[in-house]
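The values are calculated or read from the model by the stated rules, or taken from the named source; none is laboratory data. In this text, all values refer to a predicted model and were calculated from it rather than measured experimentally. As a convention, Cβ positions derive from the backbone with ideal geometry for all residues, glycine included, and neighbour counts pool all protein chains shown.
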Amino acid sequence: MNNQYSPTGFSFLPVVVKNLLIINGILFLADLVLPRFGIDLSNILGLHFFLASDFHVYQLFTYMFMHGNFTHLFFNMFALWMFGNTLENIWGSKRFLLYYILCGLGAGLMQEGVQYIEYAVKLSQYQTVNVGGGNIIPMSQYLNNMTTVGASGAIYGLLLAFGMMFPDSLIYLYFLVPIKAKWFVIGYAAIELLTGVLSAGDGVAHFAHLGGMLMGLIILLIWKKKGRMY
């Protein structure tokens, strides 16, 4: 990497990254098993729209440990390992965990804000919603169905940090195409913004990803001003 930092005692799997991998894996398996006992873990821990009856404040934290399917889990955890290892080794476990959680929180708040705008502009005047196929449900049920899960917002925060700290490091897109980290980050941010605007309703929380990056940017700028970037 093109950087002055030269770690000693670099850990291949530092403690916070390791435990985040374990926790996410355990909760994913639990979410597969517990429905047999009438427990919907994604409904309990996933982030509901704040005007929905199933919303709880703790979900702003817990949602980032839940995932919709194995592919969602795998790519988030791979990125956590790929970028998180370097960042935790540089920052230390406490700072890394703080950054990770705050980015996830920022992503959740961004998602809530975007959902509120959608509700205020399109839905607030209605009592029921036609969800297709002639299926009409009460607005209260529709709002409870607006649930967000996944560590992607926190992961995008890690991606931003890596790109800012090691801008000229090469990342291999799809394991084949080399691209500098700074362009990788800028490209992903642009894609998320464009997709979020043009592909509303595709089931992906694009603005949550941007929220994670925005929170990460704020934190990094504060740390940089205080000389605590590295």
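Below are the figures for this structure:
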{"read-out": "Residue match in the range 194-213 (condition: more than 19 Å from the chain's Cα centre (by Cα), part of a helix (DSSP H, G or I), surrounded by fewer than 16 Cβ atoms within 10 Å (Cβ to Cβ) and at pLDDT below 80)", "value": "yes"}
{"read-out": "Members of the range 144-193 found to be farther than 30 Å from Tyr119 by Cβ and either touching an Asp or Glu at 6+ places or on another chain (Cβ under 8 Å) or small (Gly, Ala, Ser) (or both), listed by number", "value": "Ala161, Gly163, Ser169, Lys180, Ala181, Lys182, Gly187"}
{"read-out": "Failed item in (1) among the hydrophobic types (A, V, I, L, M, F, W, C); (2) modelled with pLDDT of 95 or more; (3) surrounded by fewer than 18 Cβ atoms within 10 Å (Cβ to Cβ), with Phe75 passing the rest", "value": "(2)"}
{"read-out": "2 or more residues under 20 Å from Phe184 (Cβ atoms): qualifying helices (runs of 4 or more DSSP H) within the range 1-99", "value": "70-91"}
{"read-out": "Among (1) farther than 25 Å from Arg228 by Cα; (2) surrounded by fewer than 21 Cβ atoms within 10 Å (Cβ to Cβ), the one test that Val149 misses", "value": "(2)"}
